[in-house]
Ligand SMILES: [Zn+2]
């Protein structure tokens, strides 16, 4: 599922390909992914253009020239794709620019498309916490000091901080040497500050490598997300276990539970 680094890569892609181009048609509309009516969608988009991009957590915002926001969430498998002739397979919504267009591609139809009055109103309506990369160290520490439960679950709680999902929570905890089941309340101030530093580093590194795990440094867990392989940090072995209902990978040797 696209998480913060993936969506940031999508944002930059849309900014590069799809701004300031008049939308002449809205096509390939699949009602299943729409969180607004098709007529509302057309009213906001036809003959307008995208003029800016933004991201909050796992949501991508394309600012429409009428002041509203087109909001894209990518479900398990979605991504935006610029096309020069025909919209690609599994397109669930396409914006035609006359020459070329931007497609919202979503094979499993688990994504969602919204129209919002503003980013702030959308974030509030969805009950999202601040974007993780916008947090300062003291804010990050304070949020976790006021969160109970396991470290992995806390990092993934979108209402506390938005952007981290199953893949990157594993990576952050692996790099920080924290067991995914460790109770957040048992972590020291230094431990939480270190977690903040590692979180920023992991997310920025992933973005720099286009959120493609095969391009990640070899010491990264997700460079080779598989059970039984040798840990790249110590001599332990990677284990797989459900944590908070999600399949999690970690090294029980260097990731400390307390
Ligand atoms: Zn290890």
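Taken together, the values in this text are just the output of simple stated rules run on the coordinates, not laboratory data. The structure presented is a predicted model; accordingly, all values stated were derived computationally and were not measured. Note that we place each Cβ from the backbone using ideal geometry, even for glycine, and neighbour counts take in every protein chain shown.
FRET efficiency for the pair residue 86 and residue 186, taken as 1/(1 + (r/R0)^6) with r the Cβ-Cβ distance and R0 = 45 Å, rounds to 0.25.
Evaluating kT/(6 pi eta Rh) at 37 °C and 0.692 mPa s, with the Kirkwood radius of region 132-250 over Cα pairs in the Stokes-Einstein relation, gives 228 µm² s⁻¹. Against the longest alpha carbon principal axis of the chain, how many degrees, from 0 to 90 and to the nearest 10, is the axis of helix 4-17 turned? Approximately 30 degrees, to the nearest 10. Estimated purely from DSSP H runs of n ≥ 4, each contributing -39500 (n - 2.57), the mean residue ellipticity at 222 nm for the chain is -9000 deg cm²/dmol once divided by its residues. Its Cα gyration tensor gives the chain an equivalent ellipsoid; the semi-axes, largest first and in whole Å, are 36, 20, 15.
Three principal axis extents of region 4-126 based on alpha-carbon atoms, in descending order, are 37, 30, 27 Å.
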